[in-house]
Every structure is written in C-alpha cells, then in structure tokens.
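See structure below.
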Amino acid sequence: MGTRALVMAAYLLLPLPLAAQETDNENPAGKVVYDRWCAGCHGTDGRGEGPGALTMLPRPRDFTRALYQVRTTGSGELPTDDDIMHVINVGMPGTAMPGWEDLLSSQEREDLVTYLKSMSRFFNSSPPPAQLEFSNAPRVSDDRIAEGAEIYEQVECSKCHGRSGRADGPSAPTQKDDSDLPIYPANLTQNWRFNGGGTVEDIYRVLRTGLDGTPMPTFSDLIDAGVITDDQLWNLAHYVRSLSPEESPRIREVITAANVGDGEGGLPTSPTDERWETVDKFYIPLVGQIVVKPRWFNPRVQNLWVQALHDSADVAMLVSWSDPSRSPNEEWAPFAQQIVEAMGPKDEGSTWAPGAPDQLVVQFPLTLPTGMERPYFLQGDARRPAYLWSWRSDHDRAVEMVARGLGTGQEQPASSQQVSAEAAWADGEWRVLFRRSLATPDSTSDLQMPRATVVPVAFQAWDGNNGEAGNQAAVSTWYFLALEEPVPVTVLITPLAAFLLTAVLGLVVVTRAQRREKEIPGRN
Amino acid sequence: MLEISGNKGLVAFASLFALTAGCGGGEAGSGAAGGDQAAAGVVVEHPVDAATAGSVSGTVAFSGDVPTPAAIDMSDEPSCQEETGGTAVSESVLVGSEGGLANVFVYVKEGLDSSLEFPTGDPVVLDQKGCTYLPHVVGLSMGQQLTVRNSDEVLHNINATPTENRGFNRSQPQVGMEFETSFPTPEVMIPIRCDVHGWMDAYVGVTPHPYHAVSDANGVFAMDRLPPGDYLLEAWHELYGTTTQSVTVEQGGTTSVTFEFNEAMAGQPVPMGPVLVVDHTTGTMHRTIPRL
C-alpha cells in the first residue's frame with residue numbers, strides 16, 4: 001500500500017514530464033519503468049543478461065526473441081498484450097519473477113508492455129497473434145480425474161513429470177531450456193509453484209499452448225488429430241490439479257508432536273508406516289543459503305513436510321520432501337555438472353563433486369534457550385552452538401553433531417550417538433524417520449528434551465544431483481517442536497460437567513420464572 | 001542402419017508423400033513470400049533455363065582419426081530399441097568407408113542474383129522412426145513445406161529453436177500423427193530436438209533459393225540447374241562448424257568441389273543460435289550470433 005501511495009504521489013507531482021516521455025521516441029515511457037525495475041535481471045538491452053541473471057535458473061527472459069512461456073496463443077506464436085500484462089501482474093510462481101500489480105500503476109504497466117514488444121522485431125513483422133479458443137472447465141468429478149489419470153499415461157506425461165508427478169520421469173535428467181541450460185519438469189504435486197498458474201484453467205491453458213522456451217510442448221495437436229477430445233484434455237487438467245492439495249499449504253510455526261502414550265503399538269518404526277497418514281503434517285518452506293559463501297541460488301528442495309510423535313520416552317520425527325532422484329546417481333551426474341557450471345563455480349567456490357549425496361539436517365539449539373534468543377539460524381555460532389541430526393543418503397544413517405557455524409559440525413563419537421534414522425526413497429520422494437530418546441546420557445553435547453516443552457527446530461536440505469554440497473543448500477528459518485502431553489481425563493470431564501451444571505441451573509431458573517409468570521394474574 | 005538420402009532422393013520421396021498429405025499452408029510460414037506462394041496457389045516458374053545452366057558435384061572429406069560414434073541407450077523405449085536393433089549410435093559424426101563425412105549441409109552462400117525468385121519446391125518429410133530423426137539434416141527453401149511425422153508408437157515432442165524464424169514445440173504421442181510447417185526467413189541452421197529422448201536431434205537449413213544439399217553416407221552431394229557464374233559455397237557440420245569453397249559454374253558443365261573437415265575443427269563455434277556463453281570470471285554472458 002505504501003509503495004502504491006508513493007507511486008500515486010509521484011504521478012500527481014510529475015504529470016507533465018511523464019506525458020512528455022510518452023511521445024519521445026528516444027526515451028519512451030516504458031523504458032523509464034523498465035530500466036528502473038526490470039533491467040537488473042533482464043538487462044538494459046532486454047537480452048536477459050542483467051547483473052542478477054547469473055544467480056537465476058531458469059534465466060530471465062530474452063525479450064529480443066519474443067519467446068513467452070505464458071500465453072493464450074499457439075506454440076511459437078507471439079503473446080497477446082493481455083498475456084504479457086498478465087505475467088507482469090502476477091509474476092511467474094516458482095521463478096525469480098515477482099508480480100508487479102501492486103508496485104506499478106496500470107499506466108506504467110501498459111507502457112512496459114509496449115516497450116517490451118519494441119525489443120523484438122517479431123512484433124513488427126508478424127500479424128497480431130490469434131488467441132486460441134478455450135472451452136469452459138467442466139465440473140470436476142472422480143470419474144473425470146480417473147480418466148485424466150489414464151490419459152496422463154496414454155500421452156506419456158510421465159516421461160518427464162514421473163508417474164507420481166514429482167518430476168522424476170526417465171527423461172528428466174536430460175531436460176534443457178532454450179538457453180541450453182538444464183531445467184526441471186514441473187513438480188505436479190505443488191501447483192502453487194506452477195509458473196503458468198495452478199488452477200485447472202491454468203493447467204488446461206498450458207496443455208493447449210505449451211511453455212515456449214522450455215521442453216513443455218503444446219498438446220493442442222492431439223485434439224486436432226482426434227487422439228483425444230477437448231473434454232478429455234480437461235480431464236487430464238483435472239487429474240493434474242488433483243495431484244496437489246486443494247488449498248496451498250499454510251505455514252504454522254509450531255510443529256506439534258502428539259503423545260501416543262503406550263497404546264497402538266507405540267511410535268511408528270518405519271518411514272512408510274501407514275499410521276503416518278493420520279498424523280498432522282507441517283509445511284516448511286526452504287530458500288537457498290545466500291549468506292555464507294559459497295552461496296546457493298538454485299535450491300532444489302523447495303519445501304519439506306514434517307510430522308512428529310512422542311511417547312514420553314522417545315521422539316519420532318518424519319521428514320518428507322520431493323526429490324526426483326536418489327543421489328548419487330550416474331544418470332544425473334551430467335545434469336548436476338551443468339547446474340554447477342551455470343550457477344558459477346569460480347566466483348562462489350562450489351565444493352560439489354560427482355558422487356555428492358542427498359542430505360538433511362535437523363537443527364536444534366544445543367541447550368534450551370531460557371528467553372527468546374536462539375542460536376544463529378545457520379548452525380549457530382561460537383556463543384550459541386547448534387545441535388544437529390545429520391542424515392546422508394550415501395551412508396544411509398544419521399549422526400549427532402555439534403556445530404558453531406555453518407559447515408562446522410563435529411560428529412560426536414560413535415559411543416555417544418543417540419539418534420537413529422531410517423530412510424525410504426520412492427516415486428520422487430524422500431521419507432526420513434529420525435528417532436531419539438527425549439533424555440540422553442550425554443547432557444553436555446545432546447539437547448535434552450524435557451516433557452511438555454517447546455524446542456526450537458530448523459532444517460537444511462541438499463540434493464546432490466542438483467549440484468548441492470557444502471554450504472550450498474536449502475535452509476529454513478527457526479520453527480518450534482512442541483512435545484504435547486496426553487490430555488488428563490479431568491481436562492475432558494471438567495468442561496462437560498460445567499456445561500451440564502450450567503444447563504441444569506438454567507433449566508431451574510427458566511422453569512421457576514415460567515411458574516412465577518403463571519402465578520401473576522393480569523399479565524398477558 | 002540409417003540411410004542418409006541425398007537431397008534429390010528426399011525431394012522425390014517428399015513428392016510422393018505430398019500426393020497423400022495434400023497442401024497445408026505452413027502456419028509458421030504465414031507472411032512469408034515463399035509461404036504465400038503455396039497458400040495462394042501461385043505457380044512460380046523456375047527462373048533458370050536448364051539448357052544454359054551448370055551443376056556442382058561435390059564430396060565432403062574427413063581426414064584424421066575417425067571418432068567412434070557413441071552408442072545410444074534406448075532401453076527405456078523398447079519399441080525404438082527393437083526398431084534400431086539395439087545398435088543405434090550418435091549421428092553427430094558419421095564417416096563413410098571411403099572417408100566421406102555425412103550430414104553436411106552445403107549451400108550457395110554468395111554469388112547468386114538476389115532478384116531471382118524460385119518456386120518453393122515440393123514438401124519435405126522429417127520422420128521420427130526408431131527414436132531417430134530421418135533425415136538427420138534437412139535442407140529447405142524459405143517457405144517450403146516441412147511435414148513432421150511420427151512413425152513411432154511413443155511420445156515425441158518436436159522442439160524447434162530458431163532465432164531468425166519463430167520456433168515451435170509440439171507433441172506427437174501417437175503413431176501416424178503429422179503436421180506441416182515452414183520457415184519464412186533464411187537461417188543456417190535451425191536445431192530441432194526431442195526433449196523426451198535426449199539423443200534425438202536434427203538440423204534444418206533454410207536458404208532463400210533451392211541451391212542446397214546434404215552430403216550422403218559417402219560424403220557426396222550435388223546441386224543442379226545453377227546459372228553460370230562464380231559462387232561461394234559453404235559447408236556446415238554440427239560439430240566441426242563451417243568451411244567455404246569458391247566455385248565457377250559453366251554452361252552445361254559440372255564443377256567438382258571437395259570440402260575438407262578434420263578432427264581439429266571440433267570445438268569451433270558452430271553457427272547456430274543462440275549459443276549462450278557464460279564467463280564466470282567477469283560475471284557476464286553473451287551469445288554468439290548466427291550469421292547467414
């Protein structure tokens with residue numbers, strides 16, 4: 001709001017100079033906006049080579065080629081003005097491109113559309129693009145989703161996106177974009193990160209138009225050739241939509257670990273135990289580690305799901321996340337190498353080498369903080385160390401560490417290792433189950449977790465097949481793990497008793513009042 | 001396993017095909033002089049009198065150690081594995097038994113009267129069979145129809161990434177699917193790839209005239225019906241880049257020409273774009289611009 005107010009104020013103050021700029025061919029109005037807000041990534045000449053571009057994959061658009069991913073026009077066609085405006089307004093989820101609707105006035109954004117088009121000769125030499133005709137979305141049903149699932153296999157979406165939709169298809173390791181740089185297929189289980197939008201209408205549109213500049217082709221030809229009908233393409237869109245949750249996940253700061261007590265066989269001992277399906281899942285978004293060199297601008301693990309339980313003696317924490325491959329994997333090694341090269345090994349000092357594993361760190365403070373102060377979020381510092389559970393896919397085990405800064409973790413001696421981990425990778429997903437007793441014998445190097453307490457917790461994740469190693473990881477901020485106590489029976493009974501007592505007393509009062517009314521003659 | 005047909009054979013094949021495919025005005029070619037010819041049904045006579053013309057007969061020779069083509073693992077696609085007999089190899093360098101280099105695109109780069117207007121020529125087919133593009137290198141005149149067909153029972157996408165023309169990325173998940181397209185602007189070369197099968201690539205050269213050819217399995221190519229005169233021919237190879245030769249064509253004569261490629265030429269910039277070069281020491285990026 002503040003920014004918009006500033007922009008408005010600027011307009012009120014400067015109506016004449018702006019009007020003058022619109023008619024100035026040398027310095028069109030859109031150029032002023034572009035140079036200020038867009039050139040940092042897309043470059044002053046529009047070729048997608050601005051100073052920020054090297055930290056981005058996929059790279060910013062090259063406007064001189066007029067290749068736009070999000071369109072309502074056919075593959076290879078130019079976008080309409082509304083298409084360009086749409087992306088300026090809402091941005092490209094899952095990429096570095098933000099939405100500008102709240103920052104720039106509608107006049108500025110219109111000027112920008114005109115200016116972007118002036119950067120490519122294709123807009124001058126080609127006739128205005130024709131918008132494809134899109135039908136309306138039919139109402140979703142189980143039958144439609146089931147048919148969509150069949151079409152998903154029939155037209156081989158799984159080749160790239162994988163059978164589970166987690167971008168783990170057999171063709172995924174060789175995907176490249178129009179800049180010849182490696183690119184991932186979309187993870188279809190996370191529609192809030194689809195760069196063309198996550199609604200069923202968005203999905204249908206992308207199926208019709210493709211995403212130009214990426215390996216995603218148009219599927220409109222299937223309808224024209226009678227391979228499937230338009231209605232069936234909608235069913236495919238409904239199926240893809242159904243792979244993601246109905247609502248985008250909410251971030252909750254407190255991960256609760258329910259107390260399972262002694263019943264139901266105690267804590268689950270396997271990451272694939274069915275009982276996890278009924279345990280509350282907490283969504284933890286991650287970002288690239290960009291504080292300590294070498295920094296990492298291209299994290300593969302974008303988010304984790306955390307579930308936790310305890311039984312007063314042990315805590316069990318299941319962490320699951322999408323990862324299209326189990327690192328290390330020879331098939332992915334060239335891909336990882338290309339990622340490392342694209343992200344700049346010389347200035348950042350990548351420590352990645354073939355054979356790098358997937359890793360997960362669950363981070364706690366070494367000692368429970370008494371106030372609000374927690375260790376530095378990147379594995380603590382000398383004053384406030386961090387206590388880590390560090391799991392690696394190549395060793396397939398977790399170890400306890402104490403760290404005083406990112407990457408300084410020292411493995412505790414084997415004799416004092418208390419944490420265990422069991423991992424399972426399937427269909428593009430890791431599930432790692434950590435387990436430790438709440439109290440341990442070495443109270444100086446292990447965090448003790450007293451019952452009914454709240455413990456700060458944070459996460460770091462590495463995908464070795466994405467060129468990640470050392471400090472180049474995805475990281476989270478601090479969250480809390482709350483070890484819940486079983487609810488005593490009295491807690492359940494007291495409100496019920498209070499309710500009943502209130503009801504009985506209320507009845508008595510009402511009955512008495514009614515009696516009194518009857519006893520008073522003359523009242524109607 | 002693979003038959004690299006010369007340009008003539010290709011055109012002959014394409015003509016046969018055109019009888020069944022009909023004439024679909026190339027969508028990507030709309031607005032082009034050549035594309036309009038087909039769409040409008042205008043018949044342009046060949047402007048060169050065959051009686052006064054000459055021809056070029058050439059060879060592309062490869063010297064040095066012949067690299068062994070890398071084997072392609074098609075085990076993820078059993079039907080393609082079967083089609084190719086499990087012996088598919090990379091087509092990036094194919095040298096014949098007598099030292100000829102296949103899949104070299106040769107065309108007249110300079111010397112032709114630019115006012116001549118040529119017929120667009122018969123449609124050319126780019127087939128996908130055994131998870132391989134047939135042919136691997138295609139020559140087209142601007143506006144000439146290219147029919148892209150899938151003869152495999154698996155999904156292919158056809159991702160064309162030109163810089164002078166508009167690209168496209170279309171899918172063909174079913175055997176027998178085909179579409180027509182054309183390129184209105186000269187461009188040497190346009191890469192085409194299948195993202196489903198990382199080994200599948202093809203290259204299309206588009207020239208403003210019909211004087212282009214692709215060397216066959218023995219490195220042999222030919223160009224007919226050239227007006228007498230001096231020309232600069234360029235030969236393009238996907239790994240070894242380009243080299244040129246000057247030739248003089250005489251009335252009724254056949255001029256012989258030999259292009260030489262060798263191992264040391266690998267790694268040179270191949271004109272095709274855009275090639276994005278990242279210089280991490282200076283933190284800059286630049287592209288090599290393809291030139292025709």
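Coordinate-derived values only; no laboratory data. The structure displayed is predicted, hence computed values, not measured ones. Because the Cβ atoms are built from the backbone with ideal geometry, glycine has one as well, and the counts that use them run over all protein chains shown.
So for A:Ser126, A:Ser393, fewest C-beta neighbours within 10 Å to most, what's the order? Can you show the working numbers first?
Numbers: A:Ser126 16, A:Ser393 23.
Ordered by Cβ neighbours within 10 Å, fewest first: A:Ser126, A:Ser393.
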Debye intensity ratio in log₁₀ form over the Cα atoms of region A:254-483, taken at each q of 0.07, 0.08, 0.09, 0.16 Å⁻¹
-0.21, -0.28, -0.35, -1.12
Note down the relative contact order for region B:122-205 as a percent, whole number, built from C-alpha pairs under 8 angstrom at least six residues apart.
33 percent
Report, in debye and to the nearest 20, how large the dipole of chain A comes out about its Cα centre when Lys and Arg carry +1 and Asp and Glu carry -1 on their Cβ.
1740 debye
Positive dipole terminus of the protein assembly as shown, leading residue within B:Gly229, A:Cys38, A:Leu132 (C-beta point charges):
A:Cys38
Can you compute the FRET efficiency between B:Thr254 and A:Ser126 using 1/(1 + (r/R0)^6), with r the Cβ-Cβ distance and R0 = 45 Å? Round to the nearest 0.05.
0.60
Is region A:225-381 best put as rounded, prolate or oblate by its Cα gyration tensor, with a ≥ b ≥ c the root eigenvalues, rounded for a/c under 1.5, and otherwise prolate when a/b is larger than b/c, oblate when not?
oblate
Looks like the protein assembly as shown, by Cα gyration tensor root eigenvalues a ≥ b ≥ c and the a/c under 1.5 rounded cutoff (else prolate when a/b is bigger than b/c, oblate otherwise), is prolate
Give me a single rounded figure for B:168-181: the average over its residues of other chain Cβ atoms within 10 Å of their Cβ.
6
What does the structure give for A:210-223 when I average, per residue, the other chain Cβ atoms found within 10 Å of the residue Cβ?
5
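For a quick check of your reading of the filter: which trypsin sites (Lys or Arg not before Pro) in region A:378-409 sit in a DSSP loop and have no more than 10 other Cβ atoms within 10 Å? Let's see the in-between values first.
Details: sites: A:Arg383, A:Arg392, A:Arg397, A:Arg404; in loops: A:Arg383, A:Arg404.
When the trypsin sites (Lys or Arg not before Pro) of region A:378-409 are filtered for loop state and at most 10 Cβ neighbours within 10 Å, A:Arg383 remain.
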Once a ≥ b ≥ c are taken as the square roots of the eigenvalues of the Cα gyration tensor of region A:122-163, is the result rounded (a/c under 1.5), prolate (a/b larger than b/c) or oblate (a/b not larger than b/c)?
oblate
Averaged over peptide A:68-76, how many Cβ atoms belonging to another chain are found within 10 Å of each residue's Cβ?
3
FRET efficiency for A:Thr95 and A:Gln338 from the Cβ-Cβ distance with R0 = 22 Å, rounded to 0.05, comes out at 0.75
Surrounding net charge for A:Ser248, when Lys and Arg each add one and Asp and Glu each subtract one, Cβ distance under 15 Å
+2
What does DSSP give for region A:254-483 in terms of the percent of beta bridges that are antiparallel, rounded to the nearest 5?
90 percent
Taking +1 at the Cβ of each Lys and Arg and -1 at the Cβ of each Asp and Glu, which of A:Asn191, A:Ser242, A:Ala257 sits farthest along the dipole of region A:164-308 towards its positive end, judged by Cα position relative to the Cα centre?
A:Ala257
So if I average 1/r over every pair of distinct C-alpha atoms in region B:39-167 and take the inverse, what Kirkwood radius in Å does that give?
18.4 Å
Exposure proxy order (Cβ contacts within 10 Å, fewest to most) of A:Arg65, A:Arg326:
A:Arg326, A:Arg65
As an exercise, use a Förster radius of 56 Å and the Cβ-Cβ distance of A:Val454 and A:Asp180 to find the FRET efficiency, rounded to the nearest 0.05.
0.70
A correct fewest-to-most ranking of B:Ile190, A:Ile145 by other Cβ atoms within 10 Å would be A:Ile145, B:Ile190
Can you give the Rg to Rh ratio for region A:355-402, taking only C-alpha atoms and Rh from Kirkwood?
1.08
Helix-only [θ] at 222 nm, chain A, -39500 (n - 2.57) per DSSP H run of 4+, per residue, nearest 500, equals -8500 deg cm²/dmol
